[in-house]
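> So that we are looking at the same thing, I have put the structure below in C-alpha coordinates.
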Amino acid sequence: MFGLSGVGRSHRGRAANRLTVLVSIAAFVVPLSGCGAVTAGESDTVRVYTGRHYDLEQAFEDFSEETGISVEFLSGSDAELRERIAAEGEDTQADVYMTVDAGNLWKAEQDGLLTPLDSARLEEGVPEGLRDPEGHWYGLSMRARTVMYNPDEVDPGEFSAEDTYAQLAESAWKGRLCMRNSTNSYTQSLVASLIDNHGERRAREIVGGWVDNDVEIINNDVRILENVDAGTCDVAITNHYYLARLLADDGDLSVRPFWANQDGRGTHVNISGAGVLAEADHPELGRELIEWLATTGQNSFVDGNHEYPVNPEVDPEPIIAEFGEFDYEPIEAEAYGSLNSRAVRLMNEVGYE
Ligand SMILES: [Fe+2]
(Lines give C-alpha, C1' and ligand atoms only; values in the text may rest on other atoms or scores of the structure.)
Protein backbone atom coordinates (compact mmCIF):
# COMPACT_ATOMS: atom_id res chain seq x y z
CA MET A 1 0.00 0.00 0.00
CA PHE A 2 1.11 3.51 -0.66
CA GLY A 3 0.28 6.59 1.38
CA LEU A 4 -1.18 9.25 -0.79
CA SER A 5 0.61 12.31 0.32
CA GLY A 6 4.21 12.60 1.28
CA VAL A 7 5.02 9.21 -0.21
CA GLY A 8 3.71 7.14 -2.68
CA ARG A 9 2.03 8.49 -4.02
CA SER A 10 4.25 19.52 -44.22
CA HIS A 11 1.93 19.62 -46.40
CA ARG A 12 -0.95 21.96 -46.02
CA GLY A 13 -3.27 19.91 -48.22
CA ARG A 14 -2.40 16.68 -46.59
CA ALA A 15 -2.75 18.03 -43.09
CA ALA A 16 -6.25 19.27 -43.81
CA ASN A 17 -7.10 15.92 -45.23
CA ARG A 18 -5.87 14.16 -42.17
CA LEU A 19 -7.92 16.36 -39.88
CA THR A 20 -11.04 15.61 -41.87
CA VAL A 21 -10.40 11.95 -41.32
CA LEU A 22 -10.12 12.62 -37.63
CA VAL A 23 -13.38 14.52 -37.51
CA SER A 24 -15.35 11.97 -39.42
CA ILE A 25 -14.79 9.20 -36.96
CA ALA A 26 -16.03 10.34 -33.87
CA ALA A 27 -16.99 12.49 -31.16
CA PHE A 28 -14.97 15.59 -31.74
CA VAL A 29 -11.63 17.11 -32.46
CA VAL A 30 -10.43 20.34 -31.00
CA PRO A 31 -7.60 22.06 -32.79
CA LEU A 32 -6.14 23.88 -29.88
CA SER A 33 -4.03 26.49 -31.46
CA GLY A 34 -6.84 27.80 -33.56
CA CYS A 35 -6.45 27.21 -37.25
CA GLY A 36 -2.74 26.80 -36.61
CA ALA A 37 -3.37 23.20 -35.74
CA VAL A 38 -4.91 22.53 -39.12
CA THR A 39 -2.15 24.08 -41.14
CA ALA A 40 0.77 23.53 -38.80
CA GLY A 41 3.77 21.63 -39.97
CA GLU A 42 3.64 18.00 -38.98
CA SER A 43 6.66 18.36 -36.79
CA ASP A 44 4.99 20.50 -34.15
CA THR A 45 1.65 18.78 -33.66
CA VAL A 46 1.07 15.85 -31.35
CA ARG A 47 -2.13 13.85 -31.82
CA VAL A 48 -3.94 12.05 -29.02
CA TYR A 49 -6.66 9.42 -29.16
CA THR A 50 -8.42 9.69 -25.85
CA GLY A 51 -11.07 7.86 -23.86
CA ARG A 52 -10.83 10.64 -21.29
CA HIS A 53 -13.35 13.34 -22.11
CA TYR A 54 -12.85 15.97 -19.43
CA ASP A 55 -10.27 18.56 -18.57
CA LEU A 56 -8.25 18.07 -21.69
CA GLU A 57 -8.60 21.53 -23.19
CA GLN A 58 -7.03 23.37 -20.28
CA ALA A 59 -4.10 20.99 -19.95
CA PHE A 60 -3.42 20.84 -23.69
CA GLU A 61 -3.65 24.62 -24.03
CA ASP A 62 -1.17 25.09 -21.21
CA PHE A 63 1.14 22.51 -22.77
CA SER A 64 0.98 24.27 -26.15
CA GLU A 65 1.66 27.61 -24.57
CA GLU A 66 4.70 26.36 -22.71
CA THR A 67 6.22 24.20 -25.42
CA GLY A 68 4.94 25.58 -28.72
CA ILE A 69 3.69 22.09 -29.61
CA SER A 70 0.07 21.95 -30.81
CA VAL A 71 -2.24 19.20 -29.64
CA GLU A 72 -5.09 17.65 -31.56
CA PHE A 73 -7.25 15.04 -29.98
CA LEU A 74 -9.94 12.60 -30.91
CA SER A 75 -12.36 11.30 -28.29
CA GLY A 76 -14.10 7.97 -28.35
CA SER A 77 -14.74 4.91 -26.26
CA ASP A 78 -11.59 3.16 -25.10
CA ALA A 79 -12.26 -0.08 -26.96
CA GLU A 80 -13.26 1.76 -30.13
CA LEU A 81 -10.03 3.75 -30.10
CA ARG A 82 -7.89 0.64 -29.55
CA GLU A 83 -9.59 -1.08 -32.47
CA ARG A 84 -9.03 1.99 -34.56
CA ILE A 85 -5.33 2.20 -33.72
CA ALA A 86 -4.90 -1.48 -34.57
CA ALA A 87 -6.81 -1.10 -37.86
CA GLU A 88 -4.87 2.00 -38.89
CA GLY A 89 -1.54 0.31 -38.25
CA GLU A 90 1.39 2.34 -39.52
CA ASP A 91 -0.98 4.84 -41.15
CA THR A 92 -2.33 5.98 -37.81
CA GLN A 93 -2.29 9.71 -37.14
CA ALA A 94 -2.23 9.22 -33.41
CA ASP A 95 0.92 9.52 -31.33
CA VAL A 96 -0.60 8.94 -27.89
CA TYR A 97 -3.35 6.71 -26.48
CA MET A 98 -5.00 8.07 -23.33
CA THR A 99 -7.62 6.32 -21.24
CA VAL A 100 -9.34 6.48 -17.86
CA ASP A 101 -8.81 2.88 -16.82
CA ALA A 102 -5.73 0.82 -15.97
CA GLY A 103 -7.31 -2.28 -17.54
CA ASN A 104 -7.52 -0.46 -20.86
CA LEU A 105 -3.86 0.56 -20.67
CA TRP A 106 -2.98 -3.07 -20.03
CA LYS A 107 -5.09 -4.21 -22.99
CA ALA A 108 -3.41 -1.66 -25.29
CA GLU A 109 -0.02 -2.95 -24.20
CA GLN A 110 -1.15 -6.57 -24.70
CA ASP A 111 -2.35 -5.72 -28.21
CA GLY A 112 1.12 -4.39 -29.01
CA LEU A 113 -0.16 -0.85 -29.59
CA LEU A 114 2.29 0.91 -27.27
CA THR A 115 6.03 1.49 -27.31
CA PRO A 116 8.01 1.58 -24.05
CA LEU A 117 9.49 4.91 -23.01
CA ASP A 118 12.83 5.32 -21.35
CA SER A 119 12.31 8.50 -19.38
CA ALA A 120 13.99 9.58 -16.16
CA ARG A 121 11.38 12.31 -15.73
CA LEU A 122 8.57 9.77 -15.82
CA GLU A 123 10.34 7.30 -13.59
CA GLU A 124 10.76 10.02 -11.03
CA GLY A 125 7.33 11.62 -11.47
CA VAL A 126 5.09 8.52 -11.50
CA PRO A 127 5.32 6.07 -8.55
CA GLU A 128 6.12 2.49 -9.44
CA GLY A 129 2.70 1.06 -8.70
CA LEU A 130 1.07 3.54 -11.09
CA ARG A 131 2.99 2.74 -14.27
CA ASP A 132 3.88 -0.22 -16.45
CA PRO A 133 7.16 -1.73 -15.21
CA GLU A 134 8.42 -1.70 -18.80
CA GLY A 135 7.33 1.87 -19.49
CA HIS A 136 4.53 1.16 -22.02
CA TRP A 137 2.10 3.36 -20.06
CA TYR A 138 2.05 5.82 -17.19
CA GLY A 139 -0.67 6.83 -14.76
CA LEU A 140 -1.35 10.59 -14.85
CA SER A 141 -4.20 11.06 -12.39
CA MET A 142 -5.80 8.93 -9.71
CA ARG A 143 -9.37 8.53 -8.54
CA ALA A 144 -10.67 6.63 -5.54
CA ARG A 145 -13.89 4.63 -5.54
CA THR A 146 -14.95 4.58 -1.94
CA VAL A 147 -17.87 4.54 0.47
CA MET A 148 -20.00 7.68 0.79
CA TYR A 149 -22.47 8.12 3.64
CA ASN A 150 -25.03 10.50 5.04
CA PRO A 151 -23.77 11.59 8.49
CA ASP A 152 -27.36 12.12 9.73
CA GLU A 153 -28.11 8.46 9.07
CA VAL A 154 -24.82 6.67 9.66
CA ASP A 155 -22.16 6.80 12.35
CA PRO A 156 -18.86 6.15 10.53
CA GLY A 157 -17.93 3.95 13.51
CA GLU A 158 -20.39 1.43 12.02
CA PHE A 159 -18.04 0.77 9.12
CA SER A 160 -15.53 -2.02 9.06
CA ALA A 161 -12.05 -0.69 8.33
CA GLU A 162 -10.96 -4.17 7.32
CA ASP A 163 -13.16 -4.79 4.29
CA THR A 164 -15.73 -2.05 3.88
CA TYR A 165 -16.97 -3.08 0.42
CA ALA A 166 -17.66 -6.63 1.66
CA GLN A 167 -19.34 -5.34 4.82
CA LEU A 168 -22.05 -3.67 2.74
CA ALA A 169 -23.26 -7.19 1.86
CA GLU A 170 -24.30 -7.73 5.49
CA SER A 171 -28.01 -7.58 6.32
CA ALA A 172 -27.56 -4.50 8.55
CA TRP A 173 -27.37 -2.47 5.34
CA LYS A 174 -30.53 -3.84 3.76
CA GLY A 175 -32.54 -1.15 2.01
CA ARG A 176 -29.87 1.46 2.66
CA LEU A 177 -27.55 1.13 -0.36
CA CYS A 178 -27.23 2.93 -3.68
CA MET A 179 -24.67 1.83 -6.25
CA ARG A 180 -23.71 2.31 -9.90
CA ASN A 181 -24.93 0.08 -12.78
CA SER A 182 -23.00 -2.98 -13.94
CA THR A 183 -22.31 -1.70 -17.46
CA ASN A 184 -20.24 1.13 -16.03
CA SER A 185 -16.46 0.60 -16.11
CA TYR A 186 -16.05 1.93 -12.55
CA THR A 187 -18.30 -0.85 -11.25
CA GLN A 188 -16.56 -3.41 -13.43
CA SER A 189 -13.07 -2.59 -12.17
CA LEU A 190 -14.29 -2.60 -8.55
CA VAL A 191 -15.81 -6.06 -8.99
CA ALA A 192 -12.70 -7.25 -10.88
CA SER A 193 -10.64 -6.13 -7.89
CA LEU A 194 -12.98 -8.06 -5.54
CA ILE A 195 -12.39 -11.19 -7.66
CA ASP A 196 -8.66 -10.53 -7.64
CA ASN A 197 -8.56 -10.00 -3.86
CA HIS A 198 -11.03 -12.62 -2.64
CA GLY A 199 -11.43 -15.19 -5.40
CA GLU A 200 -14.54 -15.59 -7.49
CA ARG A 201 -16.64 -17.47 -4.91
CA ARG A 202 -16.30 -14.84 -2.21
CA ALA A 203 -16.69 -12.01 -4.71
CA ARG A 204 -19.97 -13.59 -5.81
CA GLU A 205 -21.14 -13.69 -2.17
CA ILE A 206 -20.30 -10.02 -1.74
CA VAL A 207 -22.00 -8.77 -4.90
CA GLY A 208 -24.90 -11.18 -4.30
CA GLY A 209 -25.16 -9.74 -0.78
CA TRP A 210 -25.52 -6.22 -2.19
CA VAL A 211 -28.34 -7.51 -4.39
CA ASP A 212 -29.98 -9.26 -1.41
CA ASN A 213 -29.78 -5.92 0.39
CA ASP A 214 -32.03 -4.47 -2.32
CA VAL A 215 -29.31 -2.16 -3.58
CA GLU A 216 -30.77 0.65 -5.65
CA ILE A 217 -28.89 0.87 -8.93
CA ILE A 218 -28.47 4.36 -10.33
CA ASN A 219 -26.52 4.97 -13.53
CA ASN A 220 -24.88 8.25 -12.55
CA ASP A 221 -22.50 8.94 -9.64
CA VAL A 222 -23.77 12.48 -9.10
CA ARG A 223 -27.36 11.30 -8.82
CA ILE A 224 -26.23 8.63 -6.39
CA LEU A 225 -24.67 11.31 -4.16
CA GLU A 226 -27.77 13.49 -4.42
CA ASN A 227 -29.75 10.51 -3.13
CA VAL A 228 -27.35 10.13 -0.20
CA ASP A 229 -27.69 13.85 0.56
CA ALA A 230 -31.49 13.56 0.45
CA GLY A 231 -31.38 10.54 2.76
CA THR A 232 -32.95 8.21 0.17
CA CYS A 233 -29.92 6.02 0.63
CA ASP A 234 -27.67 6.02 3.67
CA VAL A 235 -24.60 4.60 1.99
CA ALA A 236 -23.21 4.43 -1.52
CA ILE A 237 -20.04 3.75 -3.48
CA THR A 238 -18.86 6.48 -5.87
CA ASN A 239 -15.71 8.13 -7.16
CA HIS A 240 -14.33 10.74 -4.77
CA TYR A 241 -14.28 13.58 -7.33
CA TYR A 242 -18.05 13.60 -7.85
CA LEU A 243 -18.42 14.50 -4.18
CA ALA A 244 -15.77 17.22 -4.59
CA ARG A 245 -17.69 18.58 -7.58
CA LEU A 246 -20.94 18.79 -5.57
CA LEU A 247 -19.15 20.30 -2.56
CA ALA A 248 -17.68 23.03 -4.76
CA ASP A 249 -21.28 24.17 -5.36
CA ASP A 250 -22.73 23.41 -1.94
CA GLY A 251 -20.41 23.06 1.04
CA ASP A 252 -23.29 22.00 3.30
CA LEU A 253 -24.02 18.76 1.52
CA SER A 254 -24.88 15.88 3.89
CA VAL A 255 -22.43 13.44 2.37
CA ARG A 256 -19.06 12.34 3.73
CA PRO A 257 -16.44 10.03 2.28
CA PHE A 258 -15.29 7.01 4.26
CA TRP A 259 -11.91 5.66 3.15
CA ALA A 260 -12.62 1.97 2.65
CA ASN A 261 -10.33 -0.85 3.78
CA GLN A 262 -7.82 1.27 5.72
CA ASP A 263 -7.03 -1.71 7.98
CA GLY A 264 -7.09 -4.00 4.97
CA ARG A 265 -5.89 -3.72 1.39
CA GLY A 266 -6.59 0.00 1.04
CA THR A 267 -9.22 1.88 -0.92
CA HIS A 268 -9.94 0.82 -4.51
CA VAL A 269 -8.41 3.29 -6.96
CA ASN A 270 -7.94 3.56 -10.68
CA ILE A 271 -5.97 5.84 -12.97
CA SER A 272 -6.16 7.87 -16.11
CA GLY A 273 -2.99 7.26 -18.04
CA ALA A 274 -1.32 7.30 -21.41
CA GLY A 275 1.31 5.68 -23.57
CA VAL A 276 3.04 6.45 -26.86
CA LEU A 277 1.91 4.39 -29.85
CA ALA A 278 4.25 1.90 -31.45
CA GLU A 279 3.30 3.38 -34.84
CA ALA A 280 3.47 7.03 -33.77
CA ASP A 281 4.88 9.44 -36.37
CA HIS A 282 6.10 11.71 -33.57
CA PRO A 283 6.97 9.51 -30.60
CA GLU A 284 9.27 12.20 -29.20
CA LEU A 285 6.39 14.71 -29.07
CA GLY A 286 4.19 12.07 -27.45
CA ARG A 287 6.84 11.47 -24.82
CA GLU A 288 7.17 15.18 -24.22
CA LEU A 289 3.40 15.54 -23.70
CA ILE A 290 3.22 12.62 -21.26
CA GLU A 291 6.26 13.87 -19.34
CA TRP A 292 4.71 17.31 -19.04
CA LEU A 293 1.35 15.93 -17.88
CA ALA A 294 3.12 13.88 -15.18
CA THR A 295 5.23 16.78 -13.89
CA THR A 296 4.82 20.49 -14.65
CA GLY A 297 1.32 19.94 -16.01
CA GLN A 298 -0.10 17.79 -13.18
CA ASN A 299 -2.25 20.52 -11.66
CA SER A 300 -3.72 21.69 -14.94
CA PHE A 301 -4.54 18.07 -15.80
CA VAL A 302 -6.03 16.87 -12.50
CA ASP A 303 -7.34 19.86 -10.53
CA GLY A 304 -10.30 20.78 -12.71
CA ASN A 305 -11.73 17.31 -12.18
CA HIS A 306 -10.68 17.14 -8.49
CA GLU A 307 -8.48 14.12 -9.11
CA TYR A 308 -5.38 13.18 -7.15
CA PRO A 309 -2.04 13.92 -8.76
CA VAL A 310 0.06 10.78 -9.26
CA ASN A 311 3.24 12.78 -8.72
CA PRO A 312 4.06 12.78 -4.99
CA GLU A 313 5.68 16.21 -5.36
CA VAL A 314 2.34 17.75 -6.37
CA ASP A 315 -0.34 18.70 -3.82
CA PRO A 316 -4.00 17.82 -4.42
CA GLU A 317 -6.41 20.73 -4.77
CA PRO A 318 -7.98 22.05 -1.52
CA ILE A 319 -11.41 20.34 -1.60
CA ILE A 320 -10.01 16.82 -1.93
CA ALA A 321 -7.09 17.64 0.36
CA GLU A 322 -9.83 18.08 3.01
CA PHE A 323 -10.83 14.45 2.54
CA GLY A 324 -7.57 13.51 4.26
CA GLU A 325 -4.85 11.02 3.50
CA PHE A 326 -5.60 7.40 2.77
CA ASP A 327 -3.92 4.18 1.76
CA TYR A 328 -4.91 2.73 -1.56
CA GLU A 329 -4.76 -0.81 -2.83
CA PRO A 330 -2.13 -1.52 -5.49
CA ILE A 331 -3.44 -1.06 -9.01
CA GLU A 332 -3.57 -4.43 -10.72
CA ALA A 333 -3.88 -3.33 -14.33
CA GLU A 334 -3.59 -6.87 -15.62
CA ALA A 335 -6.29 -8.09 -13.24
CA TYR A 336 -8.70 -5.26 -14.12
CA GLY A 337 -8.12 -5.95 -17.81
CA SER A 338 -8.14 -9.73 -17.77
CA LEU A 339 -10.92 -10.17 -15.17
CA ASN A 340 -13.26 -7.64 -16.75
CA SER A 341 -15.44 -10.16 -18.57
CA ARG A 342 -15.63 -12.42 -15.50
CA ALA A 343 -16.72 -9.42 -13.43
CA VAL A 344 -19.50 -8.62 -15.90
CA ARG A 345 -20.65 -12.25 -15.98
CA LEU A 346 -20.60 -12.51 -12.19
CA MET A 347 -22.82 -9.43 -11.83
CA ASN A 348 -25.22 -10.85 -14.41
CA GLU A 349 -25.41 -14.17 -12.62
CA VAL A 350 -26.30 -12.70 -9.23
CA GLY A 351 -28.80 -10.25 -10.69
CA TYR A 352 -26.81 -7.06 -10.14
CA GLU A 353 -28.15 -4.72 -12.75
FE1 LIG B 1 -16.10 9.92 -13.99
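> Specify which of the listed residues (L81, L74) is modelled with pLDDT of 50 or more and closer than 16 Å to G286 by Cα.
L74
The rows are residues; the columns are (1) among the basic types (K, R); (2) under 21 Å from D327 (Cβ atoms); (3) more than 16 Å from the ligand (Cβ to nearest atom).
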site: T164; (1), (2), (3): no, yes, yes
site: L177; (1), (2), (3): no, no, yes
site: N181; (1), (2), (3): no, no, no
site: Y186; (1), (2), (3): no, yes, no
site: N197; (1), (2), (3): no, yes, yes
site: E200; (1), (2), (3): no, no, yes
site: V207; (1), (2), (3): no, no, yes
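> Exactly one condition in (1) polar (S, T, N, Q); (2) surrounded by fewer than 16 Cβ atoms within 10 Å (Cβ to Cβ); (3) touching a helix residue (DSSP H, G or I) at 6+ places or on another chain (Cβ under 7 Å) is false for S341; which is it?
It is condition (3) that S341 fails.
> Hey, does the range 137-155 have a residue that's hydrophobic (A, V, I, L, M, F, W, C), more than 16 Å from the ligand (Cβ to nearest atom), under 19 Å from V302 (Cβ atoms) and not in a loop (DSSP other than H, G, I, E, B)?
So far as the range 137-155 goes, no, none of its residues is hydrophobic (A, V, I, L, M, F, W, C), more than 16 Å from the ligand (Cβ to nearest atom), under 19 Å from V302 (Cβ atoms) and not in a loop (DSSP other than H, G, I, E, B).
> Now, a different point. Considering each of A294, A248 in turn, give the residue that is of a type in the set (G, A, S), outside the structural domain of V126 (by TED's automatic domain parsing) and modelled with pLDDT of 95 or more.
From the options A294, A248, the qualifying one is A248.
> Please state which of the following conditions D221 fails to meet, knowing it meets all the rest: (1) of a type outside the set (G, A, S); (2) surrounded by 20 or more Cβ atoms within 10 Å (Cβ to Cβ); (3) over 23 Å from C178 (Cα atoms).
The failed condition is (3).
> Assess whether N104 counts as being crowded, with 20+ Cβ neighbours inside 10 Å, among the polar types (S, T, N, Q) and assigned by TED's automatic domain parsing to the domain that holds D55.
yes
> Can you tell me how many residues in the range 52-74 are surrounded by fewer than 21 Cβ atoms within 10 Å (Cβ to Cβ) and within 16 Å of the ligand (Cβ to nearest atom)?
4
> Does E124 satisfy the condition of being away from the ligand (no atom under 16 Å from the Cβ), over 15 Å from the mean Cα position of the chain (by Cα) and assigned to a helix (DSSP H, G or I)?
yes
> Select, from N227, N220, the only residue that is over 22 Å from E325 (Cβ atoms), at pLDDT 95 or above and either within 15 Å of the ligand (Cβ to nearest atom) or under 19 Å from the mean Cα position of the chain (by Cα) (or both).
The unique qualifying residue is N220.
The values are calculated or read from the model by the stated rules, or taken from the named source; none is laboratory data. Note that this is a predicted model, so its numbers are computed, not measured. Positions of Cβ are backbone-derived with ideal geometry, glycine not excepted, and every protein chain shown enters the neighbour counts.
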